[in-house]
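The values are calculated or read from the model by the stated rules, or taken from the named source; none is laboratory data. Remember, predicted model here, so these are calculated numbers, not experimental data. Please note: Cβ atoms are built from the backbone with ideal geometry, for glycine as well, and neighbour counts cover all protein chains shown. Only protein heavy atoms, including side chains, enter the accessible area calculation; ligands, DNA and RNA are left aside. Shrake-Rupley method; radii C 1.70, N 1.55, O 1.52, S 1.80 Å.
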Amino acid sequence: MTKALILLVTINMAPLMTTLFQNNRFKHPLDGNGQFLDGRPLLGPHKTRSGFLFGVFAGGVMGGFLDLPLWIGPVAGFLGMIGDSFSSFIKRRTRKPPGTNLPVVDQMFEAGFPLLFLHGVGVLSFPAALAALFVFIGIGWGGTSLRGILFTPSPSRFPKVVRSKYPFREWRACHIALSPFARFFNFENVLFYRVGMAGVFKLVGLYARGLQNALDVRLNKIVVRSVRVPASFDDYRILFISDLHIDGMERLSERLIQLVKDIEVDLCIFGGDYRMEMYGAFTNANRKLKGLVPHIQARDGVFGVLGNHDCLEIAPELEDVGICMLINDSVTIRNNGDAVSIVGLDDPHYYKCHDLDKAFADVPKTAFAILAAHSPEIVMEIKDHRVDFCLCGHTHGGQIRLPGIGPVFTHSKAPRSTSAGLWQYNAIKGYTSTGAGSSGIPLRFHCPPEVVLVTLKTG
């Protein structure tokens with residue numbers, strides 16, 4: 001019975017794990033957005049083809065680990081996904097919205113179908129299969145609450161108001177940030193990076209090379225040319241520095257100081273993620289920023305936005321360092337009657353506290369509007385606001401790229417084309433920096449870190 005429960009839990013968790021990596025290309029609804037005779041969706045958008053396939057794949061892999069015949073795991077996975085889809089079909093018929101948890105119904109079919117199969121092929125006796133079903137229902141009931149602790153809530157449940165508990169969640173990140181469960185078992189940060197990838201690169205002898213690459217921060221120069229750039233802002237220079245994670249590597253702050261100290265610019269923008277961890281004290285990162293920011297020569301000031309590694313409470317400390325924080329706010333630079341507005345959003349990736357309406361409230365209609373947001377995911381939400389150019393970070397350009405293939409992961413649900421460099425999404429043009437620092441592990445391959453010098457040109 002124990003093997004059956006392990007197999008069922010693995011199959012059940014597999015679709016959820018796909019949310020760590022998938023972007024819009026893999027979110028095709030399993031039902032093709034079809035409707036039933038009652039005019040309601042067959043299954044709903046939460047059931048995706050990638051989730052279904054990953055459930056089958058996970059069943060096959062775990063079945064192999066459990067020494068079951070090779071064909072049993074995939075079949076159990078397939079039947080589990082069929083049962084999960086049948087549960088969704090029932091919930092749509094009872095007018096339950098997608099994503100609604102319905103204890104017993106959620107577990108009955110996704111466990112019942114594979115358990116009947118395991119009984120039929122002689123892996124389980126009928127009493128053992130029945131006992132496993134009841135145990136799995138109990139696990140699923142408790143897992144509904146645990147899922148809210150371990151995983152980020154759906155963006156649709158993030159109110160964009162100050163009294164929301166999610167800005168409070170952002171604030172408390174300076175103290176305990178994530179639950180002990182999420183901190184220790186976080187798949188991406190702990191298991192994948194610090195155990196998996198770091199171990200692999202040390203094993204093959206490339207760890208030192210990757211660390212050296214991560215300290216090779218370069219100055220990348222780009223030109224943004226637009227007929228909307230006012231004549232008095234022709235050749236206006238903006239220094240964009242994103243994803244510092246400045247306390248994550250020794251000698252990084254010294255390298256950045258050497259890079260920026262002799263560059264004279266009109267304005268500087270920090271794109272978020274100032275520290276390495278997502279929780280705990282900001283002291284070490286703050287100390288290193290105090291050494292860096294005074295070396296930035298920006299005539300019209302230094303501005304910044306928050307990223308997914310930054311809690312709200314560090315904003316006053318960043319202001320004390322000399323960074324004027326734009327948290328769903330804007331600043332307008334005026335020259336000879338012309339205007340350029342810098343619009344800064346709160347983190348749109350993890351905390352989901354961004355508010356476009358509030359941020360654009362004071363932007364003049366005639367101003368050239370530059371949107372600074374931590375992640376390029378924001379472009380999928382821009383509808384009613386004119387953005388002339390967008391500056392983003394967060395992706396690190398993948399940080400580790402494969403020749404001819406590109407980044408292994410972009411850590412963004414935005415189109416892959418927006419993960420690094422210049423891009424255009426619909427009518428919006430922008431640039432995503434590969435970042436000055438490194439996250440997860442301090443290694444880079446085929447993806448050098450950078451600070452970006454943006455020059456505005458009229459024409």
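Name the one entry in HIS385, HIS394 that is of a type outside the set (Lys, Arg) and within 18 Å of the chain's Cα centre (by Cα).
Just a single option satisfies the conditions, and that option is HIS394.
Which pairs do you get when a residue that is part of a strand (DSSP E or B), found in segment 243-268, comes within reach of a residue that is surrounded by 15 or more Cβ atoms within 10 Å (Cβ to Cβ) and of a type in the set (Asp, Glu), reach meaning Cβ atoms under 9 angstrom, with the pair 6+ apart or on two chains?
Final answer for the pair search is VAL265/ASP300; LEU267/ASP300; CYS268/ASP300.
Have a look at LEU102, LEU146, LEU115 and point out the one that is modelled with pLDDT of 80 or more and hydrophobic (A, V, I, L, M, F, W, C).
LEU115
Go through ARG386, ARG401 for me and flag whichever is over 23 Å from LEU239 (Cα atoms), charged (D, E, K, R), in contact with a strand residue (DSSP E or B) (Cβ under 9 Å, 6 or more places away or on another chain) and open to solvent by 10 Å² or more (accessible area, probe 1.4 Å).
Exactly one residue qualifies, and that residue is ARG401.
Going through segment 330-350 one residue at a time, which ones are outside any strand (DSSP E or B) and either within 23 Å of the chain's Cα centre (by Cα) or within 21 Å of VAL379 (Cα to Cα) (or both)?
Within segment 330-350, LEU345, ASP346, ASP347, PRO348, HIS349, TYR350 meet the criteria.
Looking at the structure I just gave you, is ARG209 closer than 26 Å to THR332 by Cβ and open to solvent by 80 Å² or more (accessible area, probe 1.4 Å)?
When the stated conditions are applied, ARG209 does not pass them.
Taking the residues in segment 368-382 that are surrounded by fewer than 22 Cβ atoms within 10 Å (Cβ to Cβ) and assigned to a loop (DSSP other than H, G, I, E, B) as candidates, determine which candidate is nearest to the chain's Cα centre (by Cα).
That would be GLU381.
Can you pull out the residues in segment 420-430 that are open to solvent by 10 Å² or more (accessible area, probe 1.4 Å) and either assigned to a loop (DSSP other than H, G, I, E, B) or touching a strand residue (DSSP E or B) at 6+ places or on another chain (Cβ under 8 Å) (or both)?
ALA420, GLY421, LEU422, TRP423, GLN424, ASN426, ALA427, ILE428, LYS429
Can you name the number of the only condition in (1) under 21 Å from LEU211 (Cβ atoms); (2) part of a loop (DSSP other than H, G, I, E, B); (3) open to solvent by less than 30 Å² (accessible area, probe 1.4 Å); (4) not polar (S, T, N, Q) that GLY272 fails?
(1)
Being more than 27 Å from GLY210 (Cα to Cα), open to solvent by less than 10 Å² (accessible area, probe 1.4 Å) and among the charged types (D, E, K, R) is the filter here, so list the residues in segment 234-265 that pass it.
none
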